[in-house]
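Engineer: I have a structure I would like to understand better, so I am pasting it below and will then ask my questions one at a time.
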Amino acid sequence: MRARYGVPLAITAVGAAGIAYAAGFEVRSFRLRRVTVPVLPKGMRPLRVLQVSDIHMVSGQRKKRAWLQSLAGLRPDFVVNTGDNLSDPEGVPELLDALGPLMEFPGVYVFGSNDYYGPTLRNPARYLFEKVQGRHGLNGNAPAVGVVHNPWEELRDSFDTAGWVGLNNTRGRLKLDGLELAFTGLDDPHIKRDRYDEVAGGPERDADLSLAVVHAPYLRALDAFTADGYPLILAGHTHGGQLCIPFYGALVTNCDLDTDRVKGLSTHQSAGNLSHLHVSAGCGTSRYTPVRFACPPEATLLTLVPRT
């Protein structure tokens, strides 16, 4: 009797404990990642950049709201929001409350698919099947129909009123203590809203620094930014893999980026150029899959320093 039922029961117990940990603890175990990136011209003072991404706000997430509000204590020089702020059409007021202290700082933003559309219930295993088939988002899949539309216009207007600069298929600038910072952004490649031809041309020569921003780090976007010579690309979308295997890492990225670069700082090569790439694992999840395993929710404080 013990031999027949003992092992399956043990496996079931371990699986249940893992789900309880992923859903009850780690998904709320917010972390701050700190990285240093050598991308500034020589002689320029270091810049502290706070990147927040994939918040996926749902009404009632008080701990997430309080943690996001606390990030203002880092006193960054500016904030970069790389999209997917919502996972609930009713979540805009609570999102703006969470980001309120950060919106006192200069900032830029792009949108992700979940800013435009509400999430849908889907089998997580589909991400593995789509990876094998080379299908990601609307890139090879049928267009979404019957989806919930999020109030992204309200979100955009609130960010703009606070002085944050929208970068969806456009360029923008921030003036910071006598410095001219230029940004080039794309709308979300995951749902084919990116239009690189509208922003092509590379860094702006009269700016002290030019950075590239996109929600989903699809290779076509990274190739274009790198070929044009941007020193740093900031992205989100991947959730760091969300459900990872300890000592192995992520199984999927939900785009065509390789899993070795699913989160954190790496590099990207294209047309003989090399760019730094930072992918945030984000601090939220879809409301239908509120779990994380071996991949805590995060924001990142990037310290930009002169190139050596």
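Engineer: On a full-extension model of 0.36 nm per residue, what is the gain between Asp258 and Leu121, subtracting their alpha-carbon distance, rounded to one decimal in nm?
Structural biologist: Extending this stretch completely gives an extra 46.8 nm.
Engineer: Also, I was wondering about something else. Using +1 at the Cβ of each Lys and Arg and -1 at the Cβ of each Asp and Glu in the chain, identify which of Ala72, Pro101, Phe293 lies farthest towards the dipole's positive end.
Structural biologist: Final value for the positive-end residue is Phe293.
Engineer: Using a cut-off of 13 Å between beta-carbons, work out the net charge of the residues near His268 (Lys and Arg +1, Asp and Glu -1, His268 not included).
Structural biologist: After counting each charged neighbour, the total is -3.
Engineer: Oh, and also: Based on alpha-carbon centroids, what's the gap between the stretch 255-304 and the stretch 21-90 in Å, whole number please?
Structural biologist: The distance from the Cα centre of the stretch 255-304 to that of the stretch 21-90 comes to 12 Å.
Engineer: OK, next. Just by accessible area at a 1.4 angstrom probe, what is the order of Lys175, Lys263, Lys192 from largest to smallest?
Structural biologist: The most accessible residue leads, giving Lys175, Lys192, Lys263.
Engineer: Extending each Cα 7 Å along its Cβ direction at Arg34 and Val132, get the distance between those two points in nm, one decimal.
Structural biologist: Each label point lies 7 Å from its Cα, and together they span 4.3 nm.
Engineer: Residue by residue through the stretch 238-255, what is 3J(HN,Hα) from phi via Karplus (6.51 cos²θ - 1.76 cosθ + 1.60, θ = phi - 60°)? Round to whole Hz and write x for glycine and proline.
Structural biologist: Each residue's phi maps through the Karplus curve to give 6, 6, x, x, 6, 10, 10, 9, x, 6, 10, x, 7, 9, 9, 10, 6, 6 Hz.
Engineer: What's the carbon and sulfur percent of the chain's accessible surface, probe 1.4 angstrom, rounded to a whole number?
Structural biologist: 55
Engineer: Kindly state, to the nearest 0.05, the FRET efficiency for Leu179 paired with Asn273, given R0 = 25 Å and r defined as their beta-carbon distance.
Structural biologist: It comes out at approximately 0.60.
Engineer: ³J(HN,Hα) across the stretch 206-212 via Karplus (A = 6.51, B = -1.76, C = 1.60, θ = phi - 60°), whole Hz, x for Gly/Pro?
Structural biologist: Once rounded to whole Hz, the list reads 8, 9, 6, 7, 10, 10, 10.
Engineer: Non-local amide H neighbours of Val165 (under 5 Å, H modeled in plane, Pro and chain starts lacking H): which ones?
Structural biologist: Gly107, Val108, Tyr109
Engineer: May I pose another question? If I ignore ligands, DNA and RNA and count only protein heavy atoms, how much of Phe25 is accessible to a 1.4 Å probe, in Å² to the nearest 10?
Structural biologist: 110
Engineer: Thr308 label point, 7 Å along Cα→Cβ, cut-off 18 Å on backbone N: hits in the stretch 26-42?
Structural biologist: Under 18 Å, as judged by backbone N against the label point of Thr308, lie 35-42 of the stretch 26-42.
Engineer: State the extension gain, in nm to one decimal, for the chain segment bounded by Asp97 and Tyr248, taking 0.36 nm per residue of separation less the distance between their alpha-carbons.
Structural biologist: That pair, Asp97 and Tyr248, stretches by 50.7 nm at full extension.
Engineer: Applying the Karplus parametrisation 6.51 cos²θ - 1.76 cosθ + 1.60 with θ = phi - 60° to the phi angles of the stretch 167-177, what ³J(HN,Hα) value in whole Hz is obtained for each residue in order, glycine and proline being reported as x?
Structural biologist: 3J(HN,Hα) across the stretch 167-177, in whole Hz: 10, 6, 6, 7, 10, x, 9, 10, 9, 9, 6.
Engineer: While we're on this one: How much area per residue is accessible in the stretch 189-255 when the probe is 1.4 Å and only protein heavy atoms are counted (Å²)?
Structural biologist: On a per-residue basis, the stretch 189-255 sits at 39 Å².
Engineer: Aspartates and glutamates within cross-link reach of Lys64: Cα-Cα under 14 Å, excluding same-chain residues under 8 positions apart?
Structural biologist: Glu26, Asp54, Glu94, Asp97, Glu298
Engineer: Pairwise over distinct Cα atoms, reciprocal of the mean inverse distance: report the Kirkwood radius of the stretch 267-308 in Å, one decimal place.
Structural biologist: Evaluated over the stretch 267-308, this radius sits at 13.4 Å.
Engineer: A follow-up question, please. Give the Cα extents of the chain along the principal axes, in whole Å, largest first.
Structural biologist: So the extents along the principal axes, rounded to whole Å, are 77, 42, 42.
Engineer: Run the reach check for Lys131 against aspartates and glutamates, Cα to Cα strictly under 18 Å, same-chain hits fewer than 8 apart removed. What comes back?
Structural biologist: Asp256, Asp258, Asp260
Engineer: Mind telling me which of Leu186, Leu167, Leu121 comes out most flexible in a GNM of the chain, alpha-carbon contacts under 10 Å?
Structural biologist: In this elastic network of the chain, the residue with the biggest mean-square fluctuation among Leu186, Leu167, Leu121 is Leu121.
Engineer: Right, another one. For Phe293, what residues show an amide H to amide H distance below 5 Å, using hydrogens built from the backbone and excluding near sequence neighbours?
Structural biologist: Under 5 Å from the amide H of Phe293 lie the amide H atoms of Leu243, Cys244, each far enough along the sequence or on another chain.
Engineer: Could I ask something else about it? Each label point is 7 Å from the Cα along the Cα-to-Cβ direction; what then is the distance between the points at His149 and Tyr288, in nm?
Structural biologist: For His149 paired with Tyr288, the spin-label model returns 2.0 nm.
Engineer: Which percent of the Cα-Cα distances in the stretch 190-252 go past 14 Å?
Structural biologist: Cα-Cα pairs in the stretch 190-252 separated by more than 14 Å: 63 percent.
The values are calculated or read from the model by the stated rules, or taken from the named source; none is laboratory data. Remember, it's a predicted structure, so these values are computed and weren't measured experimentally. Using ideal geometry, Cβ is built from the backbone for each residue, glycine included, and neighbour counts are taken over all protein chains shown. Areas reflect the complete protein model, heavy atoms only, side chains present, ligands, DNA and RNA absent. Shrake-Rupley method; radii C 1.70, N 1.55, O 1.52, S 1.80 Å.
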